[in-house]
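Each remark here refers to the structure printed beneath this line.
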Amino acid sequence: MASVKHGGKAAGRGRAVTRGVADWSANASTPAAPTPAAPGTPRAEPRRPRLSAARIRAGLRAGIGIAVRTKAAATLSVLRTRAPWSSRRTTMNALDRALLAAGTHGDTDAVRAALDGGAAVDARDGHRRTPLLLAALGDHVPAAEVLVAAGADPDAQDDRHDSSWLVTGVTGSVAMMRALLPAGPDLTVTNRFGGTSLIPAAERGHVAYVRAVLRETDIDVDHVNRLGWTALLEAVILGDGGSAHQEIVELLITAGATLDLPDGDGVTALGHAVRHGYTEIADLLKAIR
């Protein structure tokens, strides 16, 4: 089809050029009528005016001009037809940007205004972050509640595989976690390391979050990430052995964590605790054996 369309354009341009040359030729000056010849004298054929190269080029330019003007008119007609759609699209993009900015800054009124204006509740920025994810990153709970009520997806992930739900494990925000629960987050969705929200929370010492997510959801306490670590292993391996991580280990044990589940190298949480010299955590793990 592309070649057919191209041929049609070329043929149209050729006809336009021919018409331009013909129009120019029709308006060209013609020689005066010849004097009648004497009877019996052979009739001479009238001489056609000779077209110089300059005149031919002028005719060609005139014809090409017709073709260009015709094409330009057609293009303008198409653009005028599309203008209303383009305007609507620009308006929607502006509303989406406004919603993303409102989520970033936690501006609840602006969130409502953008949604009322028709912004997409799960609009994406350049890193595929949604307004809800941006609100979660800033711990803007009221803005997140408005977005959840509007149907925002708590499992929508950005180009780093973060979602608003997964981010709560990083920030440790219990208030945000509870704001997202009505949206029904998928507790099995994982981050770029293959972990659930519980694992980074355990690593970072977010005691209140670990307690709340274990009590208020049915998150898998023994989920293993791509590093071969559970929340218990990560709390010991990447934790500092202090009071926060001691309490987290106790919470995980109470929730039914499998103590003898080893990492990829066959080392258990107890083995790591002993290696790191985390005596209090090692004693907790030994007491359950």
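The values are calculated or read from the model by the stated rules, or taken from the named source; none is laboratory data. Since the model is a prediction, treat every value here as computed from it, not as a measurement. As a convention, Cβ positions derive from the backbone with ideal geometry for all residues, glycine included, and neighbour counts pool all protein chains shown. These accessible areas exclude ligands, DNA and RNA; they are computed on the full protein's heavy atoms, side chains included. Shrake-Rupley method; radii C 1.70, N 1.55, O 1.52, S 1.80 Å.
If you build the convex hull over the alpha carbons only and average its shadow over all orientations, what do you get for region 188-289? Give it in nm² to one decimal.
For region 188-289, the mean projected area of the Cα convex hull comes to 5.6 nm².
What ranking, highest mean first, results for peptides 217-224, 278-285, 172-179 when packing means the other Cβ atoms within 10 Å averaged over each residue?
On the way: 217-224: 15.8, 278-285: 19.0, 172-179: 20.8.
Packing proxy ranking, top to bottom: 172-179, 278-285, 217-224.
Listed highest first by mean packing, meaning other Cβ atoms within 10 Å per residue, what order do 127-135, 155-163 come in? Walk me through the numbers before you get to the answer.
On the way: 127-135: 25.7, 155-163: 17.9.
Those peptides, ordered most packed to least, come out 127-135, 155-163.
Residues with beta-carbon under 14 Å from that of residue 264, excluding residue 264: net charge, scoring Lys, Arg +1 and Asp, Glu -1?
Details: positive: 226; negative: 234, 263, 265.
Net of charged neighbours comes to -2.
Which order, highest average first, do 195-203, 104-112, 183-191 follow once you tally other Cβ atoms within 10 Å for each residue and take the mean per peptide?
On the way: 195-203: 27.1, 104-112: 17.9, 183-191: 16.1.
For the peptides 195-203, 104-112, 183-191, the packing ranking is 195-203, 104-112, 183-191.
Taking the Cα-to-Cβ direction at residue 220 and at residue 279 and moving 7 Å from each Cα, how far apart do the two end points lie in nm?
3.7 nm
Could you state the accessible area per residue of region 177-289 in Å², with a 1.4 Å probe and every protein chain left in place? Please list the in-between numbers first.
Details: 5230 Å² over 113 residues.
Result: 46 Å² of accessible area for each residue.
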